[in-house]
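The values are calculated or read from the model by the stated rules, or taken from the named source; none is laboratory data. These numbers come from a predicted model, not from an experiment. Backbone-built Cβ (ideal geometry, glycine too); neighbour counts: all protein chains shown. Please note that ligands, DNA and RNA were not included when accessible areas were found on the heavy atoms of the full protein model with its side chains. Shrake-Rupley method; radii C 1.70, N 1.55, O 1.52, S 1.80 Å.
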Amino acid sequence: MGDNVIPLADLRYLAPVPVVPTDAAAPSGLLADLRGRPLRDLRISVTDRCNFRCSYCMPKEVFDRDYQFLPQSSLLSFEEITRAARLFAAHGVQKLRLTGGEPLLRKHLERLIEMLAALRTPDGVPLDLTLTTNGSLLTRKAQALANAGLQRITVSLDALDDAIFRRMNDVDFPVADVLAGIDAALAAGLRSVKVNMVVKRGTNEQEVLPMARHFRDRYGPAVTLRFIEFMDVGATNGWRMDEVLPSAELQRRIHEVFALAPLQAAQPGETAERWRYQDGRGEIGLISSVTQPFCGDCNRARLSTEGKLYLCLFASRGHDLRALLRGQGPDGHAWTDAEIAAALGLIWAQRDDRYSELRSAGTLPAGERRVEMHYIGG
Ligand code: SF4
């Protein structure tokens, strides 16, 4: 692309080029933000495109046939993503989640997974490598993803009933094919399979019990079903509080039919509140960003498809990491790993994000347009 052509997304989501501190110490893995939160989890969006049009993420009215998605040239290459992930790992990242849009639409994704699977933490431990998908391509790709080194997977599924499923994702795609994808993921030997259901009051809430029944009866502990409160992500999904079904109410509805008992969080920063079925048929998760904010131990950063770093799902501004990955210092030298790592450290150390807490407190700053979820991954 010529130097004078700025990719559309750059215009849409302006982001300053990070400052490269000159005297920064080498990464210690002990980096913490202004609230003492470590950097442990990096979500990497590998494409802004998707073959679904979920109303809570990419409403069809906005993301229509004229919507201009990112040109290939502005996407981070697999080598750039791997370099960035390695520098994040030096700062303490232990978990990588590949997202999108729909990540399985990115060609040759297996190659990226192989490259990321070869990374290690400073202690020599492989990174926890997972991916979130709408499952539409999973039957075809599950084995290749597992062979490439993917360890876990999360499949989004908002209903069992085809008509209700269509009302949530606005495409004509059979639920049976997503369910077949889940079976393919288990058959491929992925060690953890989770299913995420976004619950919208008045649209798919009647599917909560059928979903719970289906996954506990068919899979028991092999598949964990998680319910996500409808969130005001981005600026296009028409979010309203009266369409949020609070997790506490949802938990009560399930408990009345399938008795539940609370479980401890598996690790700090976990987004889901865990509940186990008292009869041993597995567990569910409740992700309650609206009614029970969990910013207190949020250790997640997000890298957009063309290399902008966001420190919160509800952020309005990012940091143009691609400019460093592809750029040069004032004397013309290509920025080194140590310099880029120093810039990352400075960004995280100044982080103070806690959007959901502010929303709950009713003290959100006015007017800032939030970045779209399809662009930075959920
Ligand atoms: S709102 Fe932002 S800071 Fe809070 S948990 Fe979500 S991503 Fe983290």
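Of note:
- Whole-angstrom gap from region 259-338 to region 191-251, using each part's C-alpha centre: 19 Å
- Within the accessible surface of region 8-376, defined with a 1.4 Å probe on protein heavy atoms only, the carbon and sulfur portion equals 52 percent.
- Most mobile listed residue (Val257, Val155, Val199) in the chain, GNM with C-alpha springs under 10 Å: Val257
- Charge dipole of region 130-250 (Cα centre as origin; +1 on each Lys and Arg Cβ, -1 on each Asp and Glu Cβ, all else neutral): 560 debye, rounded to the nearest 20.
- For region 8-376, the relative contact order comes to 24 percent (Cα pairs under 8 Å, sequence separation of at least 6).
- Take the Cα radius of gyration of the chain and divide it by 2.2 N^0.38 Å, N being the number of residues; the result is 0.97.
- Each label was represented as a point 7 Å from its Cα along the Cα-to-Cβ direction; for Ala261 and Ser360 these points are 2.6 nm apart.
- Overall, the chain carries a charge dipole of about 520 debye about its Cα centre when +1 sits on the Cβ of Lys and Arg and -1 on the Cβ of Asp and Glu, all other atoms neutral.
- Cα-projected label distance for Asp337 with Gln72, points at 7 Å along beta-carbon direction, nm: 2.9 nm
- Pairwise FRET efficiency - Ala118 versus Asp23, Cβ, R0 = 41 Å, nearest 0.05: 0.85
- Under-24-angstrom lysine pairs by C-alpha in the chain, whenever the two are 8 or more apart or on separate chains: 10
- Net +/- balance of residues flanking Arg97 in space, Cβ distance below 10 Å, scoring K and R +1, D and E -1: +3
- The slack in the chain from Ala349 to Asp279, taken as 0.36 nm per residue of separation less the alpha-carbon distance, amounts to 20.7 nm.
- Remark on region 181-335: Rg and Dmax equal 19.5, 67 Å (Cα only).
- Degrees, to the nearest 10: 247-257 long Cα axis against longest axis of the chain: 30 degrees
- Neighbours of Met168, meaning other residues whose beta-carbon lies under 13 angstrom from its beta-carbon, give a summed charge of -2 when Lys and Arg score +1 and Asp and Glu score -1.
- Per residue, the solvent-accessible area of the chain (1.4 Å probe, heavy atoms of protein chains only, all protein chains present) comes to 42 Å².
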